[in-house]
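Worksheet for the structure shown next.
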Amino acid sequence: MPHNRAHGVIRRSFHNVWSQSSIFTSFVLCSLFVLFVVAGVLAVLPERLLRQCAPWRSEILAGVWGCLGLLALVGAVCRLEGGVNWFPVFGLDGPALPMLLLLAFTGGLMGTGLRGLACALTGLAFLALSPLVFGLLAGTALVLLADRGRQGVCLPFAVIPACIPADSPLSPPALCLMVLLLGWAVSSQRGSEAVLPAGIGLFLLGRLLAEVGVLPPVQQGLLIISGGAVALWGAVQAVRNPTACGILSGVASAGYGGLVVMLTLALAAPVKGEELFRTATLLATGAPFLALLAALWLSRQDGGLFAPNSAVAQARGSRIALGGSLLLLSAVPPLGGFSVFWCLLSAGEVAATNTHPAQALSLLLVLVAAACVMALSVVGLMRVGFAAFVSPAASQGEHAPSLSSVLLLPAWICAGGATLITVLPGGWLALVDHLFAGNAPRDFAWNTLARVQFSGADMTLTPAFSLLALAVCVVGAGALGRAFGVFPLRQPVLGAVAWREGAPVVQRDEAVPVPVSVSDTAMPVVWRAFGVLLGADGQKAKDWPVVEKTGAGARYLQAVLFRTVAWCEAQGMVLILLFLGAGLLLGLFAAK
């Protein structure tokens, strides 16, 4: 097996390290396992058992997830890999620690209940060495996240690719099914838990594609079409959904579909710019991910942004955090979303100029579709920003309710982390280099800390210089306007005409137009005669016997379906085990 793909394989491939470093690896692994168990237990433990600690449950959970994030950060910096002989079920490898670092932010926002338990089970799944254990834990987490009955039945099928050999012919169709199901799960969530199914899907997809290598053209096309369909559906949801949570969930679904496409081009397609596509994928897991978490968190507080008298839309601190998060998500240069789009365009240019015309045309179509999806997502972000800054509910500055600083702290932490990653993208790329397999490893270097640089290419992007240039332009324009008294965006002052000063207000009631209704006599005589012949004269369509019987049968089938879905949801764990067993048997037969 090639060395550059070794950290992306789902199997026990660790070597025993007989040195002092193995003690540190064992300490980090056992600490992560214990903290995940503590987080899962605290999330679902009844308050009567916590006693005096019940009011401090949220703070304790935040501290636990903070310790998990610090341990994952230290492990990722030290490039820890390995396992413990007496604990063979769990271990550390390259992709696990960066994913746990991102999961720590998500877990700190999800809080208590089944959502918190699902986050803890996902963390244990990232540490699992066995495909069966990973599928069991990840499938259970997806069932706990299911908002609807049919999701509890369908979502366990998303972990089937973990139980099938990567070189099996059934693996690519199973991956396409996984992408579609997890895209559905992301778009249906309302809050910070929307990023959890996307993380599971990207983790599994990156590992399997790293193991199987380059796929045939048909299978590449299927994966790209599946990711594009999920991205387009999420973008349409961001434009059409009436709630802020639904809009941001659509943006998350669009981002997940785009990451699937970029990951396919980086790991499964024989294109020239695979390292650039991989860099774009790594950047997308940084600043945009944290900014989306902050926006999702704020959209759930106090009834949502579109609710009347929403505290989030009126409190100054939350509006600043929300505005910064939306800017980091958007394509405004040189922020997080723009960095990803710039890397994607650069990768497409390099790949299109070094391949045959048919593949170049396909890549150009993919880039055009990505630009359209990003444009629709930006429209959705503008809707959220309009609700928070321009709508009448956000204009009551004098009587604006105050939010607790504890509620604003998670959003500020995520937004601050996203800003730091935007300014220092090179450090983030070196930290999460092992998240997805690559041919050119990125080592930490001070000279590349503040810029995005590609191996074997002269293209670089330094967001700090761009921010400095924009700041100089704004300050210079403001200084010139103040010096010469010229302000093109001066606020208009509305005044009344002199002769109307003090005049009473006269309100006129305009006549309401009466809707024109079509009388029964407008029906042709032939149709009236035909209705008399059938005995349906003067009756509506819903009163016909055929329609009544059809409706009764449809209601009966609906009741049977609901009872079946309720039973399947109640027996979710049993169904997961059956599905995993069937997947293992199918994989064993297909591998021969």
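The values are calculated or read from the model by the stated rules, or taken from the named source; none is laboratory data. The structure presented is a predicted model; accordingly, all values stated were derived computationally and were not measured. Cβ: placed from backbone, ideal geometry, glycine included. Neighbour counts: every protein chain shown. Each accessible area value is taken on the protein alone, full model and side chains, heavy atoms only, with ligands, DNA and RNA left out. Shrake-Rupley method; radii C 1.70, N 1.55, O 1.52, S 1.80 Å.
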**Fill in**
Under a 1.4 Å probe, counting only protein heavy atoms, Asp167 has an accessible area in Å², nearest 10, of 130 Å²
**Fill in**
Accessible-area order for Glu211, Glu193, Glu548, Glu47, largest to smallest, probe 1.4 angstrom, reads Glu47, Glu548, Glu211, Glu193
**Item:** Heavy atoms of Ser58 accessible to a 1.4 Å probe, total area in Å² rounded to 10
**Value:** 80 Å²
**Request:** With label points built 7 Å along Cα→Cβ from the Cα atoms of Thr112 and Met459, find their separation and express it in nm.
**Result:** 5.0 nm
**Volume of the Cα convex hull of region 166-243, divided per residue and given in Å³** = 76 Å³
**Message:** Would region 15-167 count as rounded, prolate or oblate if I go by the C-alpha gyration tensor, calling it rounded below 1.5 in a/c and otherwise prolate when a/b exceeds b/c, oblate otherwise?
**Reply:** oblate
**Projected label distance in nm at Ala471 and Val390, using a 7 Å step from Cα toward the beta-carbon** = 2.8 nm
